[in-house]
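To keep things clear, I will list the structure first and then write my remarks on it.
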Amino acid sequence: MNHFYNEDQMSVRDTARRFAEAAVLPRAAAIDREDTFDRTLYRGMAGLGLFGISLPESSGGSGLDTVSLCLVMEEIARCSAAIGNAFAIPVEAALFLHHHGNESQKALIPGILDGSIVFATAMTEPDFGSDAASIQTTARVTDDGYVLNGTKAWVTLGGVADRIMVFARTGKEAGHRSISCFLVDASSPGVSRGKNEELLGMHGLEDCQIVLQDVHVPKTALIGAENQAFKTAMGNFNFSRLLMSSMALGMAQAAMEDAVAYATTRKQFGEPIMNFQAIQFMVADMSTDIAAARLLIHYASRVFDAGLPYAKEAAHAKLFTTDMAMKHVSNALQVHGGNGYSREYRIERIFRDVRLAQIYEGTNQIQRLIIAKQVEKELA
């Protein structure tokens, strides 16, 4: 694939790889064990300019393409999926404010890029995940702004966020037509955080509930147009699926590397198990599917950068890559035998981390619905 990347893409990929291998990988097991946010690594990524890779230069970014961004995500997630997940949050927040924010909101972008302001997004609620159009958090209009009430769930970086983009209902009309987005200072009166969720994997992301009780925000807190945030959120989900696909790809790549390294040195019946056809076939399938996933992700990225509709392509990438990663991370653990079930080996952590990839940013069942609807439109 190196033959098809340009100089900028290879340069930023190599920068991310060096950082991930030198700084992230040595900390990955401890982050998983301690389940606390690593602000040093977060600021380290910011210091390298990674949060602004695909942000236009006019807003302080590097102005690189989405393939570059996906390459960086793959390299970081290859060493720690949790840090890869943390990487995605500021990238998406800066782009969201660049496209939809007012002047005061855009003024926060430099703080996002240098890591001094931690953002979080609050869309999901305890009773509404895939059915985002039915969220119940409200934003009541007042003379000088809005008053927010509701509970948000699964807020990544919610425990450490300085600013939270909250999606709430501003109209009486049911469904997606009355949803707006607000920028909320996490220190505002009425904002409280639940305890961090005890997750199977993806530790260190301070994932928690955010409770809003009569939280007053000024009119300038509204991001974009009133009652129009559902559409912008769905567009952001499509973009996020490219990043989440790349994160799963990085985990699959790491799993294959670990499987090959283990199979080359582990001996049974007098020879390395890599000599056994059963192992060779597993590795061959891993390599093939990883290559296919990378092509799907980078194709969808190029469609997006060309300004063309890409919902189906993003869903293709997310569906295939995350299912593939789950399958082959499991196979890589199987190659390790009993040792794969031990926390002494990285594959055990990857196995726990990768499971989430099939769930968030739209479950893979939702991806199948998106793809089917797009195919029906195209062939009608």
Counting just the residues of segment 96-128 that are of a type in the set (A, V, I, L, M, F, W, C) and touching a Phe, Trp or Tyr at 6+ places or on another chain (Cβ under 8 Å), which one comes out surrounded by the fewest Cβ atoms within 10 Å (Cβ to Cβ)?
-> Leu113
Is one or more of the residues making up segment 301-310 in contact (Cβ under 8 Å) with a residue 24 or more places away in the chain, out of contact with any strand residue (DSSP E or B) (no Cβ under 8 Å at 6 or more places or on another chain) and of a type in the set (A, V, I, L, M)?
-> no
Within segment 189-201, is even one residue assigned to a helix (DSSP H, G or I), over 16 Å from Val155 (Cβ atoms) and either touching a strand residue (DSSP E or B) at 6+ places or on another chain (Cβ under 8 Å) or not aliphatic (A, V, I, L, M) (or both)?
-> no
Of the numbered conditions (1) open to solvent by 10 Å² or more (accessible area, probe 1.4 Å); (2) under 18 Å from Ala88 (Cβ atoms); (3) hydrophobic (A, V, I, L, M, F, W, C); (4) not in a strand (DSSP E or B), Trp154 fails exactly one; give the number of that condition.
-> (4)
For segment 73-91, does any single residue satisfy the condition of being open to solvent by 20 Å² or more (accessible area, probe 1.4 Å), under 18 Å from Phe230 (Cα atoms) and either at pLDDT 95 or above or assigned to a loop (DSSP other than H, G, I, E, B) (or both)?
-> no
The one condition Val160 fails out of (1) touching a Phe, Trp or Tyr at 6+ places or on another chain (Cβ under 7 Å); (2) not basic (Lys, Arg); (3) not in a loop (DSSP other than H, G, I, E, B) is (3)
Return only the number of the condition from (1) open to solvent by 30 Å² or more (accessible area, probe 1.4 Å); (2) in contact with an Asp or Glu (Cβ under 9 Å, 6 or more places away or on another chain) that Pro56 does not satisfy.
-> (2)
In segment 16-50, anything of a type outside the set (A, V, I, L, M, F, W, C), assigned to a helix (DSSP H, G or I) and surrounded by fewer than 17 Cβ atoms within 10 Å (Cβ to Cβ) is listed as Arg18, Glu21, Pro26, Arg33, Glu34, Arg39, Thr40, Arg43, Gly47
Of all residues making up segment 14-35, the number that are under 18 Å from the mean Cα position of the chain (by Cα) and either of a type in the set (Asp, Glu) or within 22 Å of Val160 (Cβ to Cβ) (or both) | 6
Within segment 221-235, of all residues that are aliphatic (A, V, I, L, M) and open to solvent by less than 40 Å² (accessible area, probe 1.4 Å), the one farthest from Phe167 (Cα to Cα) is Ala221
Failed condition for Tyr360, given (1) open to solvent by less than 50 Å² (accessible area, probe 1.4 Å); (2) aromatic (Phe, Trp, Tyr); (3) touching a Leu at 6+ places or on another chain (Cβ under 8 Å) | (3)
Within segment 259-271, residues open to solvent by 30 Å² or more (accessible area, probe 1.4 Å) and of a type outside the set (S, T, N, Q) come out as Val260, Ala261, Arg266, Lys267, Phe269, Gly270, Glu271
May I ask you to list the residues in segment 205-220 that are open to solvent by less than 30 Å² (accessible area, probe 1.4 Å) and either assigned to a helix (DSSP H, G or I) or touching a Ser or Thr at 6+ places or on another chain (Cβ under 6 Å) (or both)?
-> Leu205, Asp207, Val215
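The values are calculated or read from the model by the stated rules, or taken from the named source; none is laboratory data. The model shown is predicted, which means the values in this text are computed figures rather than measured ones. For neighbour counting, all protein chains shown are included, and Cβ atoms are generated from backbone atoms with ideal geometry for every residue, glycine included. Accessible surface areas use protein heavy atoms only, side chains included; no ligands, DNA or RNA. Shrake-Rupley method; radii C 1.70, N 1.55, O 1.52, S 1.80 Å.
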